[in-house]
Amino acid sequence: MIKILWADDEIDLLKPHIIYLEGKGYDLTSAKSGDEALDILEVKKFDLIFLDENMPGLSGLETLTILKEKYPNTPVIMITKSEEESIMEEAIGSKIADYLIKPVKPSQILLAIKKNIDTNRLVEEKTTSNYQQEFRNISMKLASSMNKEEWYEIFKKLTYWELELERSGDESVEQILGMQKTEANSQFFRFIKNNYQDWIKGENAPLMSHNIIRKKVVPHMSETKPTYMIVIDNLRYDQWKII
């Protein structure tokens, strides 16, 4: 369960918001001052902190400075009544996760939580769902007879999903993709074996090592100015996409 600390000297007026969030499955702890919030943080860890900017005693901005020193990896969302640009700039300069202006609706608070806490989970779930839909399409293509242009597209799709699933961290789906890549490699080997001899002499052959200079370099060469060719050895498509 995601644990949230909400520090506001008017926290009693925000009870409906707290009940709403608890109904959504979040664990809320409240504090009426910056000092109280810091005391609570000494004994309990939180995934997210809501912090009112204007509180008596230790102000929100002063509390924020301490929070960033002691708990730099915990996202803090500043809530304020003020629309003064200087306060916004100071808060943003302190690396807050978000900035909300009162009055705030429960739905706004929920969206802020999802943006700053649930984003990775939601992205992972969406990525996994999308690949599961694409898995069938790729499998059907692998079972069919493809030309070289279609193989280019299959490779681009597999590379795209490899990078996306790597970011999502879903190891079980990554294993499924790995098996699909193995199947694709096997089918591609057969495709190369059946066509390679024709490509050596054919004009419609894909770009290969024996004709790359003639087709891609020679047209740019000139007798009046030098031509420089930079060769990057062993650069795979997935590495190029990351760059």
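The values are calculated or read from the model by the stated rules, or taken from the named source; none is laboratory data. Just so you know, these numbers come straight off a predicted model, no measurement behind them. Glycine also receives a Cβ, built like all others from the backbone with ideal geometry; neighbour counts cover every protein chain displayed.
Restricting the range 143-171 to residues that are part of a helix (DSSP H, G or I) and touching a Ser or Thr at 6+ places or on another chain (Cβ under 9 Å), the residue that is nearest to GLY202 (Cα to Cα) is GLU150.
Of the numbered criteria (1) farther than 19 Å from ASP27 by Cα; (2) modelled with pLDDT of 85 or more, the one GLY93 fails is (2).
Against the conditions (1) of a type in the set (A, V, I, L, M); (2) under 30 Å from LYS24 (Cα atoms); (3) in contact (Cβ under 8 Å) with a residue 24 or more places away in the chain, ILE176 satisfies every one except (2).
Restricting the range 213-228 to residues that are surrounded by 11 or more Cβ atoms within 10 Å (Cβ to Cβ) and of a type in the set (A, V, I, L, M, F, W, C), the residue that is nearest to ASN147 (Cα to Cα) is ILE213. Checked against the criterion of being of a type in the set (A, V, I, L, M, F, W, C), part of a strand (DSSP E or B) and in the same structural domain as ALA97 (by TED's automatic domain parsing), the candidates LEU38, LEU51, LEU13 yield just one match: LEU51.
Restricting attention to the range 16-35, the residues that are in contact (Cβ under 8 Å) with a residue 60 or more places away in the chain, in contact with a strand residue (DSSP E or B) (Cβ under 6 Å, 6 or more places away or on another chain) and in a helix (DSSP H, G or I) total 1.
Could we say that LYS114 is modelled with pLDDT under 90, outside the structural domain of ASP8 (by TED's automatic domain parsing) and among the charged types (D, E, K, R) here?
Yes, satisfied.
Of note, LYS32 satisfies the criterion of being basic (Lys, Arg) and either surrounded by 12 or more Cβ atoms within 10 Å (Cβ to Cβ) or closer than 16 Å to THR80 by Cα (or both).
Being within 25 Å of LEU61 (Cβ to Cβ) and touching a strand residue (DSSP E or B) at 6+ places or on another chain (Cβ under 7 Å) is the requirement here; does ILE117 meet it? Taking the combined requirement at face value, the residue satisfies it. Take the residues in the range 152-211 that are basic (Lys, Arg) and surrounded by 11 or more Cβ atoms within 10 Å (Cβ to Cβ), then tell me which one is nearest to the chain's Cα centre (by Cα). Only one residue fits best here, namely ARG167.
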